[in-house]
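*Asks:* Below are the structure tokens for one structure; questions will follow.
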Amino acid sequence: MAKVLIIAEHDGSVLNPSIAKCVTCAAAIDNAEIEVLVLAASTAEIAAQAAEISSVSRVLTIERAENANPVTAILAPQIAAVAGDYSHILGPSTTYGKDLMPHVAALLGVNQVSDIMSVEGSHTFRRPVYAGNAVVSVAAPEDSQLVATVRVASWQAASGGNSAPVEAVDATVELPSHTRYIGLESAASDRPDLQTAAKVVAGGRALGSEEQFELIYKLADALGAGVGASRAAVDAGYCPNELQVGQTGKIIAPDLYIAIGISGAIQHLTGIKDAGTIVAINKDEEAPIFEVADIGLVGDLFSIVPKLTSALS
Ligand SMILES: Cc1cc2nc3c(=O)[nH]c(=O)nc-3n(C[C@H](O)[C@H](O)[C@H](O)COP(=O)(O)OP(=O)(O)OC[C@H]3O[C@@H](n4cnc5c(N)ncnc54)[C@H](O)[C@@H]3O)c2cc1C
């Protein structure tokens, strides 16, 4: 039987929706017993949310003041300390999981399987390679623990309605002092989170400036959508790095993706492979984005986008 431990990503009070998707992935492993581990300064509220996810048999908590912020160097030794009984340790392939899970794998002395898209056996998984242009089956050794990230865009969230027991566990490990939390600088936003938004409006290099990128925010607000960007728009400083979609940005799966002034480079398309309806606005009818778009508007974004926004407002 597989014993799976899922590391809970959260913001201090709300469980990240990626965790319910990790549970669906874990449930695809035959005879999996699924537990969720919450590390926080105050765990009760987050643990209660994890306990509601169907198929979760137990929620474990480690409550320490040092866990107030998600510092990998602090969290990983605690996870490694309680990981002993588990055959599989999973985390989401979000920025949090991509940072944390390799550290956990290193402490446990195993390799990591990244971006699980589907489960073929208890230690055999499918995952994307070459910027999503190919999918391979990876078989990990069955006689050692498996640490992996789950490609959240590939999985539906497990339903709620459960009431799994919650138990505090003791992880009295010495924590390193070489890495400390200093502070967080992030742009406050009321918009839906890019990685979980049902609708995303994204802008590319064609926006031309930070001021003109406002057109993207305005359309997103009219639609109640999250905001994304191409790497070219981020590199040019039109918008913050955390908005980047693609191979070296976020992999997302919204129901609706509107790409504005984005050419559709393969590295960008990697980030939206699982999107539902893709709408592209581009003045070049030969732009590769039109090959994947369900709806294409050929024209000047500076004329189309303001009209769309005012029609929706
Ligand atoms: C290792 C590696 C990793 C990468 N990772 C990523 C990644 O994660 N995400 C990512 O996005 N890119 C990534 N890239 C970069 C990628 O290759 C492209 O350079 C980038 O996506 C291009 O961004 P863009 O489409 O905004 O710009 P461009 O390719 O310059 O396209 C701009 C588009 O806007 C259109 N346009 C211009 N003016 C207008 C107008 N007025 N109205 C309408 N349309 C207009 C043009 O026709 C063009 O199609 C990566 C590259 C490498 C090598």
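The values are calculated or read from the model by the stated rules, or taken from the named source; none is laboratory data. What you see is a predicted model, and the numbers here were worked out from it, not measured in a lab. Neighbour counts are summed over all protein chains in view; Cβ atoms, including those assigned to glycine, are modelled from backbone coordinates with ideal geometry. The area values use the complete protein model at the heavy-atom level, side chains included, leaving out ligands, DNA and RNA. Shrake-Rupley method; radii C 1.70, N 1.55, O 1.52, S 1.80 Å.
*Asks:* Using Cα-Cα distances under 8 Å and only pairs 6 or more residues apart, what relative contact order does the chain have, in percent? Walk me through the numbers on the way to the answer.
*Replies:* Details: 699 pairs, mean separation 45.0, N = 313.
Computed over the chain, the figure is 14 percent.
*Asks:* How far apart, in nm, are the 7 Å Cα→Cβ label points at S186 and S163?
*Replies:* Spacing of the two 7 Å Cα→Cβ label points: 3.2 nm.
*Asks:* Moving to a separate point now. Starting from the Cα of A48, step 7 Å along the direction of its Cβ; do the same at A28; then give the gap between the two resulting points in nm.
*Replies:* That separation, rounded to one decimal, is 3.2 nm.
*Asks:* Continuing with this model, one more query. Mind jotting down the distance between the C-alpha centroids of region 5-58 and region 167-219, whole Å?
*Replies:* Using only Cα atoms to place each centre, the spacing works out to 21 Å.
*Asks:* Between region 60-134 and region 270-290, how far is it from one alpha carbon centroid to the other, in angstrom?
*Replies:* 32
*Asks:* When only Cα pairs under 8 Å and 6 or more residues apart are kept, what is the percent relative contact order across region 172-313?
*Replies:* Numbers: 273 pairs, mean separation 29.7, N = 142.
Answer for region 172-313 is 21 percent.
*Asks:* Ok, one more. Under 20 Å Cα-Cα from K98, which lysines qualify once same-chain neighbours fewer than 8 residues away are excluded?
*Replies:* Straight-line reach from K98, under 20 Å: K21, K250, K273.
*Asks:* Hey, another quick one. Any idea what log10 I(q)/I(0) is at q = 0.27, 0.29 Å⁻¹ for region 61-119, Debye with uniform C-alpha scatterers and no solvent?
*Replies:* For region 61-119 at q = 0.27, 0.29 Å⁻¹, log10 I(q)/I(0) is -1.29, -1.40.
*Asks:* Still on this structure, I have one more. Would you work out the charge dipole size for region 1-155 about its Cα centre, treating the Cβ of every Lys and Arg as +1 and the Cβ of every Asp and Glu as -1, and quote it to the nearest 20 debye?
*Replies:* Charge dipole, region 1-155, about its Cα centre: 300 debye, nearest 20.
*Asks:* Right, something else. Quick check: at a probe of 1.4 Å, how many percent of the accessible area of the chain sits on carbon and sulfur atoms? It would help to have the intermediate numbers written out before the result.
*Replies:* Numbers: 7010 of 14460 Å².
Looking at the chain in its full context, I get 49 percent from C and S.
*Asks:* Using the heavy atoms of the protein chains and a 1.4 angstrom probe, tell me the accessible area per residue for the chain in square angstrom.
*Replies:* Values: 14460 Å² over 313 residues.
Accessible surface, normalised per residue, equals 46 Å².
*Asks:* Would you mind computing, in nm to one decimal, how far apart the modelled labels at N111 and T277 are, each placed 7 Å from Cα along Cα→Cβ?
*Replies:* 4.3
*Asks:* Could you calculate the FRET efficiency of A81 with D143 from 1/(1 + (r/R0)^6), where r is the beta carbon distance between them and R0 is 22 Å, rounded to 0.05?
*Replies:* It comes out at approximately 0.55.
*Asks:* For region 199-312, what percent of Cα pairs sit more than 21 Å apart? Let's see the in-between values first.
*Replies:* On the way: 1549 of 6441 pairs.
Roughly 24 percent, once rounded to a whole number.
*Asks:* Report the Cα-based extents of the chain along its three principal axes, largest first, to the nearest Å.
*Replies:* For the chain, the Cα spread along each principal axis is 60, 40, 39 Å.
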